[in-house]
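Just so you know, all these numbers are worked out from the coordinates, no wet-lab data involved. Here the structure is a predicted model, which means the values were calculated and not measured. FYI the Cβ positions are ideal-geometry reconstructions off the backbone, even for glycines, and counts take in every protein chain you see.
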Amino acid sequence: MNRNPFHLTAQLLRITVAACSILITLWAFAWVLTRPLRTAGDDPNRIELTVLHWSGGGGPEEDQIIIDLLDAFQERNPHIRIKRINPGDAASLYTKLQTMFAAGTPPDVFYMGSERVASFAGKNLLMPIDALIESDRGADADTLDLDDFYAPTVDCFRFDGQRTGRGPLYGVPKDFTTVGFYYNKDLFDRAGVPYPPDDWTWDEFAETARRLGRLDGVTGAEFVTWSSIVRLFLWTHGLDVANDDFTEWHVTDPEVIATLNRIADWRFNETGTLTSGKSQVATGEDVFVSGRVAMAGPFGRWVVPTYRKIRDFRWDFAPLPHASVKANVVFTVAWSIARESRHPQQAWELVKFLTGPEGQARAARLGLAIPTLKSVSRSDAFVQPDIPPSRDYVYLDQAEYARVVPWPSEPRYEQQFANRMDEALMSGVVNVEQAAENVLRDWRRIRETPLAATDFPPMPWARIVWFTLLPILALLLFGLY
């Protein structure tokens with residue numbers, strides 16, 4: 001009996017579609033699984049390193065510095081080719097970095113912020129630096145002199161499995177900053193207020209802000225309440241929200257509540273002392289540029305490239321005020337190496353070059369941050385009193401007593417604290433007492449359910465291949481039938 005031609009055509013079409021689907025799927029998986037073979041290159045002596053970084057506050061100028069440094073390294077190492085990836089800002093970089101780690105193809109060398117090192121090192125994704133330094137010394141090769149680095153910047157990238165600040169080193173800090181207040185010298189002159197001294201208290205800060213806030217159309221100060229800044233403010237009063245191990249919590253202690261209420265009082269109970277988080281006027285780093293805010297901070301060196309474009313008024317930098325204790329924080333970024341880098345020695349050579357005197361001097365001239373090498377920070381690459389800020393020494397003086405802000409490796413501790421403090425100290429939707437209770441409740445929930453929601457394990461490609469191919473083969477057999 002003759003078979004229906006339409007039926008034969010439909011069956012042939014099903015077979016063709018199924019076969020094409022299998023071929024496309026096989027090709028896609030083959031492309032992923034053979035990536036290491038393809039990236040090895042035709043020349044066994046030529047090595048490719050992938051470098052991931054952001055531009056940040058330095059914008060195109062910072063990007064060009066990285067390009068120039070990588071070009072200089074390649075000129076000195078012609079057997080190494082560098083593939084550079086700049087996804088834009090820090091948030092985009094971490095998204096890209098997590099994706100690359102999950103795909104099993106992490107960059108060899110990449111930016112690592114001090115606030116993220118616990119998360120990545122805790123997942124065994126970063127290569128320890130100490131062993132590389134010891135290997136250099138054993139081979140009598142040039143290596144980094146950690147004693148020439150500001151100690152707090154190095155400590156930021158140590159992690160012992162529980163907290164930052166101690167343990168193995170997982171990155172080499174490329175630059176850093178301490179924080180203080182930027183001030184509008186013209187507004188100070190109009191109000192007849194002396195410029196901030198090298199040693200001043202929070203009481204003096206508040207009185208200065210009040211006097212400046214009496215000028216028509218002027219607010220005394222912008223005071224940001226980021227999580228690390230809130231803890232720094234407490235440090236200057238000899239307090240904190242928890243011990244360094246986060247095994248004891250003090251966020252609801254009466255002394256802590258009373259101290260944080262000082263900021264709330266300045267912002268909500270006084271007129272013109274601090275910018276209002278409830279207003280429609282922009283807040284943060286950019287508000288200083290308007291010329292209507294006399295002081296802004298606590299900010300670090302990252303605002304300098306933007307502030308140097310100010311033409312309408314004169315400005316400078318003042319140290320962070322204190323209460324009973326002088327304190328400051330270290331904000332820093334390191335170059336780190338992926339533990340699974342296929343070229344760890346060459347990646348290490350690149351990190352040494354990028355964080356050496358030449359690399360740090362080039363970046364310092366941009367004004368974006370402070371060199372982590374003491375020798376470079378004291379040179380004219382950084383100290384430039386003829387251009388603002390003229391008080392470059394203030395950043396360096398504060399580095400002597402600055403320290404790491406310790407947070408648990410679980411990022412939700414800091415995230416929840418930041419959210420609750422913003423509600424009380426910036427927007428004012430709750431009072432400080434309620435915000436502290438909310439923080440305590442949040443932290444208890446995190447401790448009771450410690451599984452982090454931000455994990456990014458490697459993709460199980462073998463299982464994915466089989467689970468994908470089996471249904472396709474079943475469909476093909478069904479089509480043939």
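Multiply the residue separation of D160 and T271 by 0.36 nm, subtract the distance between their alpha-carbon atoms, and state the gained length in nm to one decimal. It would help to have the intermediate numbers written out before the result.
Details: separation 111, 0.36 × 111 = 39.96 nm, distance 4.65 nm.
Net length gain for the segment: 35.3 nm.
Between T252 and R308, what FRET efficiency follows from the Cβ-Cβ distance if R0 is 41 Å, with the result rounded to 0.05?
0.45
Can you compute the FRET efficiency between E433 and Q345 using 1/(1 + (r/R0)^6), with r the Cβ-Cβ distance and R0 = 60 Å? Round to the nearest 0.05.
Efficiency computed from Cβ-Cβ geometry: 0.60.
What pairs in K83/K309; K123/K326; K185/K326; K174/K309 have C-alpha atoms more than 28 Å from each other?
K83/K309; K123/K326
Arrange the peptides 353-365, 437-449 so that the one whose residues have, on average, the most other Cβ atoms within 10 Å appears first. Write down the numbers at each step before the final one.
On the way: 353-365: 19.8, 437-449: 14.9.
Per-residue mean Cβ counts within 10 Å order the peptides as 353-365, 437-449.
Rounded to the nearest 0.05, what FRET efficiency do E207 and S390 have when you use their Cβ-Cβ distance and R0 = 35 Å? Present the calculation step by step, with values, prior to reporting the outcome.
Details: r = 24 Å, r/R0 = 0.69.
Once rounded, the FRET efficiency stands at 0.90.
Multiply the residue separation of Y401 and V325 by 0.36 nm, subtract the distance between their alpha-carbon atoms, and state the gained length in nm to one decimal.
26.3 nm
Which of the three applies to segment 325-418, rounded, prolate or oblate, going by the alpha-carbon gyration tensor with a ≥ b ≥ c and a/c under 1.5 meaning rounded?
Working: a/c = 2.57, a/b = 1.11, b/c = 2.32.
In terms of gyration-tensor shape, oblate.
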